[in-house]
């Protein structure tokens, strides 16, 4: 159900009614066209109500389409009101006001039936879709938040994790300092400086660094340290 289709139905039924009146057909003979026309007008009224209070997701993501739909619905509603006015004038002048009042009562019954069936089902479907959409959005948001927290924890754990590094080699520098290279898991390499005659441990708790240069030998590491201290 959309305003353009509803207006097309109303205009087709209204055109049939005008032709029927022109050739002298009575109201009872045009009951089918009247029912179609009244049903289409009822749909336009319902769509106008929905356009004034669209679902939250339609407001958030519909953008200009929501405004365009509201404008289209309003314009078609005005056309339908003009048709209603013309029909009222024609029937009241040719058949009397009582006949128009009978048609208004029949229209009320048609609107009531459509509200209890079509519009209620439409509202249930809309609410169901909205609930499912909320569940999906909440699930995606929760999953993204969980992944972000896990990522932060992973980075934090990697940054703070300490591993046991064992002494690989030591060399004495010209300033009588001793530099020792310790190596741990995944080629984690760390160097420590000691004073001459200072106790040098065989193991050392160093910061886990799996991204250390794996192609550098212990000798090359010592050579770089020596150059940096010269």
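The values are calculated or read from the model by the stated rules, or taken from the named source; none is laboratory data. Fair warning: this is a prediction, and the values are worked out from it, not measured in the lab. Note that we place each Cβ from the backbone using ideal geometry, even for glycine, and neighbour counts take in every protein chain shown.
Just need a number here: residues in segment 178-194 that are over 15 Å from residue 164 (Cβ atoms) and buried (at least 20 other Cβ atoms within 10 Å of the Cβ). Please lay out each step first, then the result.
First, the residues of segment 178-194 that are over 15 Å from residue 164 (Cβ atoms): 178-179, 191, 193-194.
Next, only the ones that are buried (at least 20 other Cβ atoms within 10 Å of the Cβ) stay: none.
Total meeting the criteria: 0.
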Exactly one of these conditions fails for residue 32: (1) modelled with pLDDT of 85 or more; (2) within 44 Å of the chain's Cα centre (by Cα); (3) more than 16 Å from residue 115 (Cα to Cα); (4) surrounded by 14 or more Cβ atoms within 10 Å (Cβ to Cβ). Give me its number. (4)
Could you please find all residues in segment 7-40 being assigned to a loop (DSSP other than H, G, I, E, B) and either without any contact (Cβ under 8 Å) to a residue 12 or more places away in the chain or in contact with a strand residue (DSSP E or B) (Cβ under 6 Å, 6 or more places away or on another chain) (or both)? 23, 24, 25, 26
